[in-house]
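The values are calculated or read from the model by the stated rules, or taken from the named source; none is laboratory data. All figures in this text were calculated on a predicted structure; none of them were measured in a lab. Every residue, glycine among them, receives a Cβ derived from its backbone with ideal geometry; neighbour counts consider all protein chains shown.
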Amino acid sequence: MRTSCSIWSPPAFRRWVLLPGLLLLGLVGPVFAITMANDPSGYRELRWGMSLGDVSDLIVAQENTHTTDYTFKDRPPAYADIPVDSVLLSTVDAQFARVTIRYSGAQTHKQVLQYLERTYGAIERLPGQMMRGLNQQYTWRGPDTEISLTYEANRDRGFIFIESRSLAPRFQDRIPNTGD
């Protein structure tokens with residue numbers, strides 16, 4: 001007597017559908033969205049939406065029609081007292097909307113991640129979850145602020161974007177549609 005084996009039978013389904021799907025998920029770096037514990041509503045003493053033109057600690061790094069980028073003058077770049085490669089504060093239509101932080105090194109990444117978890121909320125670590133990989137991405141979302149961290153292990157560099165949730169989308173609105 002011969003029995004037919006359908007792909008929908010439980011053993012075949014696990015073998016042909018679930019197993020490849022789980023293997024594919026293992027190739028993707030972890031992406032986490034964490035509800036932010038303490039929304040900073042800005043960066044340091046600077047609040048979202050304020051003008052940065054009159055802040056004496058800042059100098060203009062680059063200026064365009066709708067955006068202006070600032071750096072701190074007379075201060076080495078640091079985030080939470082951790083030395084980093086650069087800290088850039090950006091405005092859109094003269095309103096403070098984004099901070100971009102670049103850093104390098106696995107040790108710096110570890111320090112930055114520990115600070116973010118301690119300050120804005122711990123990453124939920126599930127059994128079997130991989131916390132290392134070629135690309136790591138984490139996001140903390142609050143009512144006013146979104147903080148995104150990306151670390152590229154193969155290039156040994158990381159990026160932190162601290163953004164106003166209401167103003168940062170305007171950066172995209174200001175990009176001209178010249179794809180004709």
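Is it true that Ala106 is under 17 Å from Glu146 (Cα atoms) and aliphatic (A, V, I, L, M)? Against the criterion (under 17 Å from Glu146 (Cα atoms) and aliphatic (A, V, I, L, M)), Ala106 does not qualify. Among the residues of the stretch 153-162, just one is more than 13 Å from Tyr103 (Cβ to Cβ) and either at pLDDT 95 or above or touching a Cys at 6+ places or on another chain (Cβ under 7 Å) (or both), namely Ile162.
Scan the stretch 123-152 residue by residue and report those that are outside any strand (DSSP E or B) and at pLDDT 90 or above.
So in the stretch 123-152, the residues outside any strand (DSSP E or B) come out as 123-134, 142-144.
Those that are outside any strand (DSSP E or B) and at pLDDT 90 or above: Gly142, Pro143, Asp144.
In summary, Glu117 fulfils each of the numbered conditions (1) surrounded by fewer than 20 Cβ atoms within 10 Å (Cβ to Cβ); (2) closer than 17 Å to Tyr43 by Cβ with the single exception of condition (2). Within the stretch 70-98, the set of residues being in a strand (DSSP E or B), buried (at least 16 other Cβ atoms within 10 Å of the Cβ) and in contact with a Pro (Cβ under 6 Å, 6 or more places away or on another chain) comprises just one member, Val87.
Scanning the stretch 52-62 turns up one or more residues that are hydroxyl-bearing (Ser, Thr, Tyr) and not in a helix (DSSP H, G or I). Once the stretch 46-55 is narrowed to residues that are modelled with pLDDT of 95 or more and not aliphatic (A, V, I, L, M), the residue that is farthest from Ala122 (Cα to Cα) is Ser51.
Is the stretch 13-34 home to any residue that is at pLDDT 55 or above and surrounded by 11 or more Cβ atoms within 10 Å (Cβ to Cβ)? Yes: the stretch 13-34 contains one or more residues that are at pLDDT 55 or above and surrounded by 11 or more Cβ atoms within 10 Å (Cβ to Cβ).
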